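I have placed the structure first, in the form of structure tokens, so that the comments after it can refer back to it.
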Amino acid sequence: MKIDDKLTYEDAMQRLKEIVGSLERKEVKIDLLSETVIEAKSLVEYCRKKLDSTEEDIKKIIDPEDKLDE
């Protein structure tokens, strides 16, 4: 599933919470289960990339000289 580039981390996490809640309450019909799990996987990957990117940005801000040592 393609994630919209304009999606915020907070919106992605909210959607993941909705999906998990629906799965826990067994509200997802079997016909939509695969599609829902694929969406959740895409959202998790998106959030991980967002966190990794943010961590790298913060490292560069905190210690810009560290990049020169590599």
Subject >> Spatially proximal aspartates and glutamates relative to residue 26 (Cα-Cα < 17 Å; intrachain offsets below 8 disregarded) >> reply: 18, 35, 39
Original post:
Which of the listed residues, 21, 44, 54, is farthest toward the dipole's positive end in region 9-69, when Lys, Arg count +1 and Asp, Glu count -1 at the beta-carbon?
Top reply: 21
**OP:** Taking the Cα centre of the chain as origin, work out the dipole magnitude from +1 charges on Lys and Arg Cβ and -1 charges on Asp and Glu Cβ, in debye rounded to 20.
**Re:** 500 debye
Original post:
Working out 0.36 nm times the residue gap between residue 42 and residue 11, then minus their Cα-Cα distance, what length gain in nm do you get to one decimal?
Top reply: 9.8 nm
**OP:** Quick one: P(r) of the chain from all Cα-Cα pairs, 10 Å bins, percents rounded to integers, in order of increasing distance.
**Re:** 18, 37, 23, 14, 7, 1
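Only the coordinates and a few stated rules stand behind these numbers; no lab work does. Given the structure is predicted, the values throughout are model-derived calculations rather than measurements. Ideal geometry is used to build each Cβ from the backbone, glycine not excepted, and the neighbour counts take in all protein chains shown.
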